[in-house]
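I have placed the structure first, in the form of structure tokens, so that the comments after it can refer back to it.
The values are calculated or read from the model by the stated rules, or taken from the named source; none is laboratory data. These figures come from a predicted structure and were not determined experimentally. Cβ atoms come from the backbone with ideal geometry, glycine included; neighbour counts cover every protein chain shown. The protein model used for the area step is the full one, side chains on, heavy atoms only, and it has no ligands, DNA or RNA in it. Shrake-Rupley method; radii C 1.70, N 1.55, O 1.52, S 1.80 Å.
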Amino acid sequence: MIARAALLASLALATAAVAAPRTPQTAMAPVSDVAVMEGMPRLLSEYAFFTDLREQNPTWQVVPYRLNTPLWSDGADKLRFAYIPEGTQLSADGEGLLGFPVGSALIKTFAFGEGDERRLIETRVLLHRADGWLALPYLWNEEQTDAKLALAGARVEVVTPQGEAISYRVPNKNQCKECHSVDGAVVPIGPKARNLSDQWLAGRYEADTLDALPKVAVRLPLWEARKEATPEAAARAYLDVNCAHCHRPGGSASNSGLDLRWEQDDPVKIGIRKRPVAAGRGSGGLAFSIAPGDPAASIILHRMKSLEPGVAMPELGRSTVDEEGVAAVRAWIEGMDQ
Amino acid sequence: MTRSLFAAIALPALLVATPALADTHMIAPGEGAQERLQEALILAEPGDEIVLEPGRYALSDGLSLDVDGVTLRGAGMQASVLDFSGQQGAGEGLLVTSDNVTLRDFAVENPKGDGIKSKGADNIVYHAIRVTWTRGPDENNGAYGIYPVESTGVLVDASEVSGASDAGIYVGQSSKITVRNSVATDNVAGIEIENSRDAIVEGNFVSRNTGGILVFDLPNLPVMGGGNVLIRNNLVIANDTENFAPAGNIVASVRRGTGVMVMANENVWLQDNLIRGNETAEVMVIAYPLSFDDPDYNPYPRDVVVADNVLGEGGTDPDIEGGEMLVAAFGGKLPPILWDGLEENEERFALLVHPDLTGWTLNLQRQGQRIEEAQPGPLDAPAYGQGWSIEGWGAPEELEARLK
């Protein structure tokens with residue numbers, strides 16, 4: 001808890017630093033637009049996103065952010081950053097995904113361990129190029145001095161915050177796209193206005209790097225404060241963030257007919273009394289994705305609790321069970337009228 | 001410095017490059033096969049060929065291909081084997097998400113989920129591909145062996161699948177499909193065409209599954225309205241394996257001893273098949289039997305034609321409640337064609353049958369009615385008229401050209 005607070009504090013500090021007047025600080029090298037726009041840089045350092053790579057201190061052009069409800073990845077700490085080139089702006093699109101100008105980049109570093117023990121495992125970059133977004137995975141070296149392009153992905157032995165020793169999967173380039181794909185094109189997932197804080201958006205607007213303040217009716221709850229939200233809001237936020245990048249029209253799991261986006265309000269589409277289609281043994285012998293009032297009879301929970309490839313959901317990015325997520329979804333299903 | 005200069009020059013050149021410069025990338029089994037093969041699949045350019053040298057490739061994770069126009073070729077379905085026995089992640093052995101891909105002459109063994117899935121991958125060819133779960137029928141096997149979905153233009157040819165806990169060769173939510181000259185044994189469903197149109201299933205050998213060839217349409221899916229399916233010249237023999245599908249899936253309700261089963265489809269034509277030794281029904285035509293909530297879904301079969309086929313003389317050991325009594329009531333053998341008696345309305349026949357063929361009906365009165373309420377009787381189906389044009393059915397010609 002203390003560690004998490006410290007992390008939040010350090011993020012807030014970093015945010016404050018970049019929210020200061022945007023005068024070029026000549027002591028720092030600018031981000032390499034060539035690296036963002038061309039080729040496949042072999043090393044993370046080539047982008048110059050950070051003044052201190054190991055400490056993950058971003059340059060003045062790179063902004064940290066957090067999501068209200070984040071994607072869970074075996075309990076990894078995630079450090080998220082956005083780079084928007086000088087003289088360009090993000091564009092608001094209602095509650096949805098912010099529009100990122102060509103030339104911008106999203107950077108996400110996965111780490112395990114606290115304080116001095118913190119070990120950076122991988123950094124994923126999403127680069128917005130003239131012909132669309134490109135997703136590339138970088139694997140950190142043992143010395144923690146740099147991360148190297150790992151097109152084919154990797155497996156790394158790590159110990160999760162829950163103390164489980166696992167073989168952690170760094171996705172390959174195609175697997176990046178499996179989640180980041182709508183109608184075959186790579187897109188960002190996280191930075192939707194409804195999953196970002198008011199303050200962060202206001203900060204961007206005031207710094208003139210966001211064209212308008214998006215109007216958001218209902219924000220996704222802060223995950224650590226989800227007890228203050230309704231069980232439905234917590235569960236739907238969790239499913240949106242962890243599942244809906246594939247389980248949506250145009251997504252990698254569109255053929256399932258299951259649509260777990262926050263904005264979907266058709267009960268069958270979000271799984272209520274929806275029969276499985278191509279689940280195979282993933283169904284666990286159960287008849288419905290969500291059986292109202294009966295978590296034990298709901299395929300969705302069965303698959304969240306499984307670790308077996310072919311059964312476990314999400315298919316990628318998970319080698320352990322997210323007990324918090326399971327509890328949130330279970331509470332929601334339990335409270336439904338049968 | 002040198003690198004960035006090179007990039008600046010090379011990039012425009014690449015943009016105008018054509019597949020005429022296609023490369024061949026040789027991959028050998030052994031240490032690092034996972035990374036080497038995956039990297040080749042990522043770095044391939046359209047038109048390239050990736051060749052799997054003979055041998056067994058031990059893989060720890062799923063593979064994927066997302067580049068158009070790539071051929072992945074082995075040295076034969078016995079020689080080049082992608083072995084997923086040690087797979088730790090991903091929902092399938094190989095995932096293809098790009099168009100105009102050719103997969104040929106290799107095998108996939110023991111994937112934890114599906115074998116080869118191609119999603120939104122138009123104009124794909126599977127030729128001489130083998131997918132095998134080596135322990136035989138087992139509910140812990142993956143669901144589908146060869147699994148094209150949401151695609152236009154699918155050719156599955158000379159391939160072989162066994163052990164799938166759902167369907168061996170499954171084509172879903174697709175159109176312009178040919179599945180031919182392939183072998184499907186020891187799966188729950190041998191070949192399944194689901195929520196798809198314009199399909200030809202011909203020349204296959206389908207045996208020892210729970211059900212041989214299934215043509216289904218299911219509700220609540222992005223693509224519905226299955227139809228225009230021609231099933232001809234297949235051997236559908238003794239599909240007598242007990243159903244080993246995990247409950248909940250629609251195929252878990254398929255009865256042991258089902259030859260060809262058509263559910264909620266229109267314009268399905270069966271001709272010149274040899275269908276025998278399927279103890280519940282050589283041919284079964286039914287409406288979707290479960291409750292559903294989807295105003296756009298049509299649960300009834302329409303214009304299903306059982307034309308000139310050679311059918312077995314009838315089952316003596318059907319997988320139906322009260323089967324023995326039924327067999328006795330029909331004089332020792334169940335007639336080979338089974339219909340549930342349901343049709344959308346009187347203007348369109350559900351089932352039309354060659355006059356020499358016999359069948360029986362459950363005489364159900366409404367969709368969703370339980371089989372326990374059936375009032376079995378002999379089938380009196382109308383005869384069919386002229387055949388239909390099948391122009392535009394089956395895989396596009398250009399896919400054939402790739403087999404040469």
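In table form, for the structure just shown:
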read-out: Residues of region B:267-286 classified as surrounded by fewer than 23 Cβ atoms within 10 Å (Cβ to Cβ) and either in contact with a Phe, Trp or Tyr (Cβ under 6 Å, 6 or more places away or on another chain) or part of a loop (DSSP other than H, G, I, E, B) (or both), total; value: 2
read-out: Matching residues, region B:92-113, being in a strand (DSSP E or B) and at pLDDT below 95; value: B:Glu92
read-out: Filter result for B:Gly172 (within 14 Å of chain A (Cβ to nearest Cβ), surrounded by 24 or more Cβ atoms within 10 Å (Cβ to Cβ) and at pLDDT 95 or above); value: yes
read-out: Residue check, A:Arg261 closer than 29 Å to A:Gly96 by Cα and part of a loop (DSSP other than H, G, I, E, B); value: yes
read-out: Count - residues of region B:302-315 that are outside any loop (DSSP other than H, G, I, E, B) and among the acidic types (Asp, Glu); value: 1
read-out: All positions within region B:290-315 that are within 12 Å of chain A (Cβ to nearest Cβ), surrounded by fewer than 16 Cβ atoms within 10 Å (Cβ to Cβ) and closer than 28 Å to B:Glu242 by Cα; value: B:Leu290, B:Ser291
read-out: Unmet criterion (only one of (1) more than 24 Å from B:Gln173 (Cα to Cα); (2) surrounded by fewer than 23 Cβ atoms within 10 Å (Cβ to Cβ); (3) more than 10 Å from chain B (Cβ to nearest Cβ)) for A:Leu239; value: (2)
read-out: Candidate set: region A:104-136, residues that are in contact with a helix residue (DSSP H, G or I) (Cβ under 6 Å, 6 or more places away or on another chain) and open to solvent by less than 20 Å² (accessible area, probe 1.4 Å); chosen: the one nearest to A:Ser45 (Cα to Cα); value: A:Thr123
read-out: Residue in region A:242-252 that is surrounded by the most Cβ atoms within 10 Å (Cβ to Cβ), counting only those that are touching a residue at least 12 places away in the same chain (Cβ under 8 Å) and either part of a loop (DSSP other than H, G, I, E, B) or of a type in the set (Gly, Ala, Ser) (or both); value: A:His247
read-out: From B:Ala189, B:Ala199, B:Ala167, residue being more than 14 Å from chain A (Cβ to nearest Cβ), touching a strand residue (DSSP E or B) at 6+ places or on another chain (Cβ under 6 Å) and small (Gly, Ala, Ser); value: B:Ala199
read-out: Cβ pairs under 6 Å, 6+ apart, first in region B:150-168 and under 13 Å from B:Gly136 (Cα atoms), second of a type in the set (Lys, Arg); value: B:Ser165/A:Arg281
read-out: Failed criterion for A:Ile270 (all others in (1) more than 9 Å from chain B (Cβ to nearest Cβ); (2) within 19 Å of the chain's Cα centre (by Cα); (3) part of a loop (DSSP other than H, G, I, E, B) hold); value: (2)
read-out: Matching entry among A:Ala150, A:Ala165, A:Ala185 (being small (Gly, Ala, Ser) and open to solvent by less than 20 Å² (accessible area, probe 1.4 Å)); value: A:Ala150
read-out: Verdict on B:Ala264 being under 30 Å from A:Ile270 (Cα atoms), open to solvent by less than 10 Å² (accessible area, probe 1.4 Å), within 14 Å of chain A (Cβ to nearest Cβ) and not acidic (Asp, Glu); value: yes
read-out: Where A:Lys192 falls short, out of the listed (1) within 17 Å of the chain's Cα centre (by Cα); (2) at the interface with chain B (Cβ under 10 Å from one of its Cβ atoms); (3) at pLDDT 90 or above; value: (2)
